[in-house]
Amino acid sequence: MDKDLCVLGPVTSLLVWRAARGGLIDLPSQDEAQPDLGLCHARVREVRQVDLVRAMGEVPLDVIVGSRARSHNGTLRSIYLAGKMPPGSFMHVGEGLYVCTPELCFALLGRGGQVLRLAELGLELCGAYSPAPDQSGRFCSCPALTKKKRLASYLDLLGHRHGLVTARKALDLVTDGSASPRETSLYLMFVTPVRMGGYGFQRPELNARVGIRHQATGSPLVRTCMVDQLFRDDKGKKILVVDGIKRRPPAGARQAEGAGRTDGATTREQHWEALARDGLDVVVMGRSDTMSMGGLEAKALRIGRLLGRPMHVARGLARQRRLELFGLLFDDSRWQAEHAALCQLAGYSRPAARERRVA
């Protein structure tokens with residue numbers, strides 16, 4: 001393969017970052033670089049033979065080119081980018097191979113015009129978790145790839161390219177610090193505007209540290225704990241949404257969902273009681289509460305009352321939108337088609353021709 005002529009597109013690049021964060025592949029180097037996109041090829045057979053790509057198995061492939069003549073390839077999805085890209089757009093990860101940075105992935109995946117899906121992805125990039133690249137729905141804990149401020153700064157450097165309107169709208173819903181896909185879904189359900197099916201709450205702080213002044217009987221002294229979401233009402237009073245008192249894992253540690261993140265059930269309940277004695281409003285949002293729209297809405301209405309924003313059970317068109325958003329965020333079966341969903345985010349409306357016939 002010719003050197004320095006292959007730049008993986010936003011979909012494949014995102015899956016590479018996921019695989020690296022999960023320890024499934026090793027990136028031999030991660031150096032910021034600026035390849036000459038005008039020389040980049042879109043030859044699917046050669047891309048498939050790259051060791052890093054082969055190690056990932058059957059994942060969708062896309063590339064970036066700087067020539068319109070090279071972008072029209074019936075066997076490989078491609079994005080044509082004209083002009084010079086700003087610093088921080090690409091990483092050199094091996095001989096002749098580049099990937100999009102997380103910031104460019106986010107920008108280019110706005111080409112499909114799906115604000116909520118892109119916001120969900122932004123929370124992943126700015127969060128302390130990474131889904132597996134195999135559409136299984138499994139995830140690991142790991143350091144964040146980027147931050148919201150970095151995404152915003154990068155979008156400002158891109159000017160008026162295709163997809164940036166969607167990316168900026170999605171970024172408005174993004175925040176740092178989510179620790180799992182379910183936390184991301186719950187956060188989006190709470191903060192998404194009512195017109196889009198959400199509850200329109202003000203932005204909470206995710207995985208916030210809260211002090212406990214009272215020692216719970218029979219439990220070790222805990223001076224601070226982490227709560228899933230920390231809301232504040234107009235007067236500054238704290239409302240806590242919790243699914244367990246968390247201990248922060250060691251920096252860089254990878255772990256399966258739920259592993260090492262909570263104390264025992266009895267200790268959790270004692271901590272909640274201690275927080276309540278400190279005058280904090282605690283709303284326990286367990287996994288069972290997100291298994292049905294009714295269970296989630298009951299807790300959401302309580303949060304609304306505590307925030308001084310009394311709400312009623314949604315009816316008519318509002319309920320239909322809320323149910324659609326609930327299905328979008330909490331239906332686990334969506335992971336089975338996530339590769340196709342990522343291709344739609346990138347604006348690839350049709351599958352690449354003969355793609356399945358390429359070894």
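The values are calculated or read from the model by the stated rules, or taken from the named source; none is laboratory data. All values reported here derive from a predicted model rather than from experimental measurement. Every residue, glycine as well, gets a Cβ built from its backbone with ideal geometry; the counts of neighbours run over all protein chains shown. Ligands, DNA and RNA are excluded from the accessible area calculation, which covers all protein heavy atoms including side chains. Shrake-Rupley method; radii C 1.70, N 1.55, O 1.52, S 1.80 Å.
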Every pair of residues 6+ apart whose Cβ atoms lie under 7 Å, when the first sits in the stretch 325-342 and is farther than 26 Å from Asp62 by Cβ while the second is part of a helix (DSSP H, G or I) and open to solvent by 50 Å² or more (accessible area, probe 1.4 Å): Leu325/Met196
Note down all Cβ pairs under 6 Å where the first residue falls in the stretch 286-312 and is farther than 18 Å from Pro204 by Cβ, the second is exposed (fewer than 15 other Cβ atoms within 10 Å of the Cβ) and not β-branched (Val, Ile, Thr), and they're at least six residues apart or on different chains. Met293/Leu323
Starting from residues that are without any contact (Cβ under 8 Å) to a residue 40 or more places away in the chain and over 19 Å from Ser130 (Cα atoms), keep the ones in the stretch 21-39 and report whichever is surrounded by the most Cβ atoms within 10 Å (Cβ to Cβ). Leu39
Run His160 past the list (1) modelled with pLDDT of 95 or more; (2) under 20 Å from Met85 (Cβ atoms); (3) in a loop (DSSP other than H, G, I, E, B) and report the number of the one that doesn't hold. (1)
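Residues are listed down the side, and each one gets a yes or a no for (1) open to solvent by less than 50 Å² (accessible area, probe 1.4 Å); (2) modelled with pLDDT under 80; (3) in contact with a strand residue (DSSP E or B) (Cβ under 7 Å, 6 or more places away or on another chain); (4) part of a strand (DSSP E or B):
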position: Leu221; (1), (2), (3), (4): no, yes, no, no
position: Val241; (1), (2), (3), (4): yes, no, yes, yes
position: Pro250; (1), (2), (3), (4): no, yes, no, no
position: Gln255; (1), (2), (3), (4): yes, yes, yes, no
position: Thr267; (1), (2), (3), (4): yes, yes, no, no
position: Gly279; (1), (2), (3), (4): yes, yes, no, no
position: Ser288; (1), (2), (3), (4): no, no, no, no
position: Ala298; (1), (2), (3), (4): no, no, no, no
position: Arg305; (1), (2), (3), (4): no, no, no, no
Test of understanding: among Arg54, Arg18, which residue is modelled with pLDDT under 90 and either in contact with a Pro (Cβ under 8 Å, 6 or more places away or on another chain) or surrounded by fewer than 15 Cβ atoms within 10 Å (Cβ to Cβ) (or both)? Arg54
Among (1) touching a residue at least 40 places away in the same chain (Cβ under 8 Å); (2) open to solvent by 20 Å² or more (accessible area, probe 1.4 Å); (3) outside any helix (DSSP H, G or I); (4) under 18 Å from Gly110 (Cα atoms), which single condition is Lys169 missing? (3)
Restricting attention to the stretch 57-74, and to residues there that are open to solvent by 20 Å² or more (accessible area, probe 1.4 Å) and not in a helix (DSSP H, G or I), which single residue is modelled with the lowest pLDDT? His72
Check off (1) open to solvent by less than 20 Å² (accessible area, probe 1.4 Å); (2) out of contact with any Lys or Arg (no Cβ under 8 Å at 6 or more places or on another chain) for Gly122 and give me the number that stays unchecked. (2)
Residues of the stretch 313-324 being in contact with a helix residue (DSSP H, G or I) (Cβ under 9 Å, 6 or more places away or on another chain) and in contact (Cβ under 8 Å) with a residue 12 or more places away in the chain, in sequence order, are Val313, Ala314, Ala318, Arg321, Arg322, Leu323
The listed residue being within 12 Å of the chain's Cα centre (by Cα), of a type in the set (Asp, Glu) and in a helix (DSSP H, G or I), out of Glu124, Glu103: Glu124
Cβ pairs under 9 Å, 6+ apart, first in the stretch 84-98 and among the hydroxyl-bearing types (Ser, Thr, Tyr), second open to solvent by 20 Å² or more (accessible area, probe 1.4 Å) and part of a strand (DSSP E or B): Ser89/Glu32; Tyr98/Ala33; Tyr98/Met91; Tyr98/His92
Checklist (1) at pLDDT below 95; (2) open to solvent by 40 Å² or more (accessible area, probe 1.4 Å); (3) outside any helix (DSSP H, G or I) applied to Gly137, failing item: (2)
